[in-house]
Amino acid sequence: MTRQVLLLSGPNLDRLGTRSPEIYGSATLAEHVARANVVAAAHDLEVRHLQSNFEGDLIEAVRDATDCVAIVINAGALTHTSWALADALAAFEGVVVEVHLSNPAAREPFRHLSTLAGVADGSIAGFGGLSYELALEAVARLVADGEPSPPAA
């Protein structure tokens with residue numbers, strides 16, 4: 001039985017590849033998702049991806065992820081502002097991994113706060129596209145080690 005991982009991408013991540021390539025690299029979001037799918041498949045995981053520029057869409061996706069064993073989230077700028085998204089993730093019963101292409105701690109001071117870090121099992125940042133692959137590897141290990149997962153639907 002394939003286990004699902006919800007991969008959430010926040011505001012402006014649909015512009016990866018063209019938006020600030022000196023910070024985020026030249027790979028598109030579709031390329032990052034494809035790489036995540038390869039890693040997931042190697043661990044009998046299936047990625048379901050959603051990108052939205054709207055906070056409410058992401059919150060509803062978390063709420064509706066009852067069939068997922070994990071959520072990997074790159075919330076973009078919402079990482080630093082969305083207590084509502086943090087509350088939604090706190091209610092999720094599976095593994096949560098926060099991911100960033102750049103290293104927020106090495107950037108502007110407002111990026112040093114993550115409203116999500118306190119509800120995530122871990123955060124991976126600063127490794128460019130490899131960040132997504134590392135996040136899926138972490139999910140696979142945590143799920144295999146018996147971390148909490150949602151009940152079968």
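Checked against (1) at pLDDT 85 or above; (2) assigned to a helix (DSSP H, G or I); (3) of a type outside the set (Asp, Glu); (4) touching a helix residue (DSSP H, G or I) at 6+ places or on another chain (Cβ under 7 Å), PHE127 passes all but condition (2).
Selection of region 72-95 for residues being surrounded by fewer than 23 Cβ atoms within 10 Å (Cβ to Cβ) and not in a helix (DSSP H, G or I) yields THR81, SER82, PHE92, GLU93.
The values are calculated or read from the model by the stated rules, or taken from the named source; none is laboratory data. Here the structure is a predicted model, which means the values were calculated and not measured. FYI the Cβ positions are ideal-geometry reconstructions off the backbone, even for glycines, and counts take in every protein chain you see.
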